[in-house]
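The values are calculated or read from the model by the stated rules, or taken from the named source; none is laboratory data. This one's a predicted model, so the numbers in the text were calculated from it and none came from an experiment. Cβ atoms come from the backbone with ideal geometry, glycine included; neighbour counts cover every protein chain shown. These accessible areas exclude ligands, DNA and RNA; they are computed on the full protein's heavy atoms, side chains included. Shrake-Rupley method; radii C 1.70, N 1.55, O 1.52, S 1.80 Å.
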Amino acid sequence: MRVYRELNDFSAIRPVVTIGTFDGVHSGHKKVISRLKEISSEINGESVVFTFHPHPRQVLTPEEHNLRLINTLEEKIGLLEATGIDHLIIYPFTREFASLSYADFVEQILAGRMKTHCLVVGYDHKFGQDRKGNFEYLHKCASKFNFRIEKLDVLLVDEVNVSSTRIREALEQGNISMANKYLGYPYELQGKVVQGKKLGRTIGFPTANIEASDENKLIPGYGVYAVKIRIEGNIHDGMMNIGTRPTFNHNADLRSIEVNIFGFNSDIYHQNITLQFVEKIRNEQKFPGKEDLVKQLYTDRENAIRILSRF
């Protein structure tokens, strides 16, 4: 897969193109990409994904400080590469670009610069200034500039429309099972192990405190989770708490991310590790005292081991 940050050096044979933010590279996105590759194979062309960075909402509505993304840019590149596409264009999204009319985008970029042979779009495709570039308008452009266009139907999972918005909502609610089902893979969070208060050691459950590697990355809702942990290429089982440690902290303003890695005693301070969310075990709660917390943690560990044994 070739990656482009601009179009000056872009070149492809009979480009079959799709456009979108592709946050999550989820099951719906993969349906579009699968069709993209099918058409490319049929016409001896090359598949092209045209995406943006930063996310359009971060540019157009920066006051929405609560927008968090399913993927970092590096994760998105890796996931798209794994689909087997030929070309990935990561176009700089600016206010100037956002003001481009859809007609100009099609004429100058899709037809003019990229020489698009076929465009594949999702059922809800809208693009260009004020998102006026719907399928009906695009069909007229395709006729004018002599390229083929194909629209795919919505992908339903359990009769629910799969979308990045639904996945974000599921993650924010801690509904990992639903999010993973829509994604088609386990949700991941990468971060660095940092110094904590070492309270877990005092109760027999030492934890690694994690600082997320990207401030825009969505962190699932408060609770206790069964997780897989990747450290230097090795996979470990564990359980993680996201929250405020209410039993010990009576005035917590900052969220903590702590993972207890089963049977692991190595020093990993300042190392980057990857957490794979498998399933939520329970909500975070405040216990009357340390003894009650420890009793619950033993139960949590048993539940995590049972869950992870099926994974």
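Numbers below:
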read-out	value
First in the stretch 72-83 and under 14 Å from Tyr187 (Cβ atoms), second anywhere and modelled with pLDDT under 95 and surrounded by fewer than 17 Cβ atoms within 10 Å (Cβ to Cβ), Cβ under 6 Å, 6 or more apart	Thr72/Asp214
Residues of the stretch 153-192 satisfying the condition of being open to solvent by 20 Å² or more (accessible area, probe 1.4 Å) and aliphatic (A, V, I, L, M)	Val154, Leu155, Leu156, Val157, Val160, Met178
Total residues in the stretch 136-177, condition of a type in the set (Lys, Arg) and more than 18 Å from Leu69 (Cα to Cα)	4
Residues that are out of contact with any Asp or Glu (no Cβ under 8 Å at 6 or more places or on another chain) and among the aromatic types (Phe, Trp, Tyr), drawn from the stretch 270-295	Phe287
Boolean, Leu110 is part of a helix (DSSP H, G or I) and open to solvent by less than 20 Å² (accessible area, probe 1.4 Å)	yes
Residue satisfying all of: in the stretch 283-307; touching a Phe, Trp or Tyr at 6+ places or on another chain (Cβ under 9 Å) and within 18 Å of Pro186 (Cα to Cα); most open to solvent (accessible area, probe 1.4 Å) among these	Ile305
Residues being within 14 Å of Phe52 (Cα to Cα), hydrophobic (A, V, I, L, M, F, W, C) and in a loop (DSSP other than H, G, I, E, B) - total across the stretch 87-102	1
Residue list for the stretch 11-38, restricted to those being under 26 Å from the mean Cα position of the chain (by Cα) and hydrophobic (A, V, I, L, M, F, W, C)	Val16, Val17, Ile19, Phe22, Val25, Val32, Ile33, Leu36
Qualifying residue in the stretch 237-245 (condition: open to solvent by 20 Å² or more (accessible area, probe 1.4 Å) and in contact with a Phe, Trp or Tyr (Cβ under 6 Å, 6 or more places away or on another chain))	yes
Per-region count, the stretch 41-70, residues touching a residue at least 12 places away in the same chain (Cβ under 8 Å) and either of a type in the set (Lys, Arg) or touching a Lys or Arg at 6+ places or on another chain (Cβ under 8 Å) (or both)	12
Residue match in the stretch 36-54 (condition: in contact with a Ser or Thr (Cβ under 8 Å, 6 or more places away or on another chain), at pLDDT below 95 and within 28 Å of Glu215 (Cα to Cα))	yes
